[in-house]
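Have a look at the structure below, then the notes.
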Amino acid sequence: MKNMIKIVGIFIGIVLLTGCFGNMTPSEKTEDFLNRYIKNDKDILAELDISLDKQDLSNEQKQKYRDIIKEEYSTLKYTIKDERIDGNDAEVEVELNVNDLYKASKEASDYLIDNSQEFYTDDAYDEKKFIDYKLEKMENSKDRITYTIFFELKKKDGVWTIEDLDDQTLQKIHGIYDYETNNS
């Protein structure tokens, strides 16, 4: 009997959770999505790890970059500005405020141009030294930047789903978007 009560309790819990998530508005779904970044959700961090594995960094540098981005996520601030629904399509406008890691990275690259000799080992350019310097600049960055992002959602089987994010949106979330070149 106790097992039957547990099974029924679990079933009711699943139905309630599914129902709650199924009833989320596009804005609520977007808030839930962004809160997963802020909370350093394991799935978000797993995607970050996949991205880091593709980069030509030492294990130490990958860990430092991971820590920088985790901090970026946890300090992310957002405001839902607007929600537009048209049938099974929706768009949620979000004002996103993040650390300006692009600026720190750019300053490091500019510094390299004028001071390349500082990044030499045995009379040869040492990229590891430069990457360490750039990561240090990013880690110590205090500047913030605000972007407007539009999240596209589709209603599938009664549930709002965020469409895949493009590279530009992901770069903005990470604070590495090149706003000087792209001007948007």
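A Förster distance of 30 Å, applied to the separation of the beta-carbon atoms of residue 140 and residue 31, puts the FRET efficiency at 0.50. As a fraction of the 1.4 Å probe accessible area of segment 26-184, surface on carbon and sulfur atoms comes out at 43 percent. Summing +1 for each Lys or Arg and -1 for each Asp or Glu among the other residues whose beta-carbon sits under 13 angstrom from that of residue 96 gives -1.
For segment 56-120, the solvent-accessible area of protein heavy atoms averages 54 Å² per residue (probe radius 1.4 Å; ligands and nucleic acids excluded).
Over 26 Å between C-alpha atoms is what I'm after, so list which of 77/154; 77/106; 54/156; 106/154; 29/137; 77/137 land there. Over 26 Å Cα-Cα: 54/156; 106/154; 29/137.
Working ranking of peptides 137-146, 101-110 by packing, defined as the average number of other Cβ atoms within 10 Å per residue, highest first, is 101-110, 137-146. The slack in the chain from residue 97 to residue 74, taken as 0.36 nm per residue of separation less the alpha-carbon distance, amounts to 7.1 nm.
The orientation-averaged shadow of the Cα convex hull for segment 58-184, equal to a quarter of the hull surface, comes to 9.9 nm².
The values are calculated or read from the model by the stated rules, or taken from the named source; none is laboratory data. As the structure is a prediction and not an experimental result, all values here were calculated from the model. So basically every Cβ, Gly included, is an ideal-geometry build from the backbone, and we count neighbours across all protein chains shown. These area figures cover heavy atoms from the full protein model, side chains too; ligands, DNA and RNA do not enter into them. Shrake-Rupley method; radii C 1.70, N 1.55, O 1.52, S 1.80 Å.
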